[in-house]
Amino acid sequence: MPEINETKLHEQISKNQLCSLYFLYGDEKFLLKRDVLRLTKKFVAADFPEFNYNTFPHTVSVDEIADAVVALPFMAERKCVTVSDFNIDACGTSELNKLQELIENVPDTTVLVFFLPTLEIDEKKSAKWRNFIKRVDATGCTVHYTRRSEGDLEKFLCREAEKKGCTLSRPLANRIIRYTGSDLNALINELQKLCAFAGGGEITAEQVENIVTKNMETTVFLLSNALVRGDYSKAYGLLDLLINQGEKPITILSVLSGAYIDMYRVRAAIQSGKTAQAPADYGDYKGREFRLKYAQRDMRDLSLEVLRESLGLLLSCDLSLKLSTGDTMDRIVLEKLFSQLLMAAHRGHVA
């Protein structure tokens, strides 16, 4: 059976028409783990779960998995075996051969589920993973959890708020995403706080501003905006905030560099006659399209030459930080960078 989507998996679960073999993987870990719980709920809640539900960590051997898979269910039609974060890349030839034989011969009395709640893989770069996915598709089902688009995340937050008896508008959902990022675990945590505070009513803009935790990336976006606008006091104030929160200068620089790269890409796209969203075709912006919106806003008055100069300054700062001798010197290096970026923006605005 070829790869199925999440809707098809939910249909199989609701109709109790489960395959004997599943592999769940991808970037969106929150939804992946939620579906594993849906998939295994029946077996966990059934009589004699100690016989009919076996769960294994990544350290398990193929022989141990096989022993559990071939064991008959006890007073039930089927049993379930789950294996989390099993790393195919770490398997030798002997283990891979055993695994191949196992996935080709899972009995109808067992539902075997491999899933990756934390492990990240790139099947395009790994022949072992490509071969594993191909073989699972031949006899079972694979489900790939891709990162959600910004629009999908907005809809998701609005639906989740409604389930909790609250009302959330799309614009405010977008603001939560901008403050928190695209990780669903973090978004759900912030939504739970908002719903608890709203008490079943409408979630307001004031509540979002006061309750939602603004992640470092959001703060650095505000910082990049201050730098390109020439707002000295705000730029250095945000640096103080980040340092006081315990953020490392090299981490601040990394995120700030990303913001400038976004601006450079958007400026280059627009000067080439394309839209500001064009970089999404080759950059990793799925679920983070707001970065390009920020970039379009911030680079409006800056030329490509100024942005290119700024990237050079960021690179020089990166080298200086890597040669730095301590936290105090690291801060001085960043402060020097800020003055250089502010000066570049001041003298290089687009006419």
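Quick notes on this one:
- Förster radius 51 Å - calculated FRET efficiency between K322 and Q271, Cβ distance, rounded to 0.05: 0.95
- Reducing the range 67-141 and the range 158-173 to their Cα centroids gives an inter-centroid distance of 38 Å.
- Around I88: net Lys/Arg minus Asp/Glu count, Cβ-Cβ under 11 Å: -1
- Pairs from the list K42/K163; K33/K134; K33/K322; K155/K193; K193/K286; K15/K124 with a Cα-Cα gap above 29 Å: K33/K322; K15/K124.
- Rounded to 5, the percent of DSSP beta bridges in the chain classed as antiparallel: 5
- T59-I243 pseudo-label distance in nm [points 7 Å out on the Cα-to-Cβ vector]: 4.3
- In whole percents, the pair-distance distribution calculated for the range 300-351 from its alpha-carbon pairs, binned every 5 Å from zero, is 4, 22, 27, 18, 13, 9, 5, 1, 0.
- Compactness of the chain was expressed as the Cα radius of gyration divided by 2.2 N^0.38 Å, which yields 1.22.
- Dmax and Rg, reported as Rg then Dmax, of the range 33-76 (C-alpha, Å): 11.4, 29
- Coordinate range of the alpha-carbon atoms in the range 216-347 per principal axis, descending: 45, 33, 26 Å.
- Cβ-Cβ FRET estimate between S94 and R130, R0 fixed at 22 Å, reported to 0.05: 0.65
- Summing +1 for each Lys or Arg and -1 for each Asp or Glu among the other residues whose beta-carbon sits under 12 angstrom from that of A295 gives +4.
- Shown for the range 147-218 is the translational diffusion coefficient from the Stokes-Einstein equation, using the Kirkwood radius over Cα pairs, a temperature of 4 °C and a viscosity of 1.567 mPa s: 111 µm²/s.
- Efficiency of FRET from Cβ geometry, N5 and K164, R₀ 25 Å, rounded to 0.05: 0.45
- Projected label distance in nm at I332 and K193, using a 7 Å step from Cα toward the beta-carbon: 3.7
- Environment charge at D47 (Cβ cut-off 15 Å; Lys +1, Arg +1, Asp -1, Glu -1): +2
All of the numbers you see were taken from the coordinates with simple rules; none came from a lab. Because the structure is predicted, anything quoted here is derived from the model rather than measured. Virtual Cβ from ideal backbone geometry, glycine too; neighbours counted across all protein chains shown.
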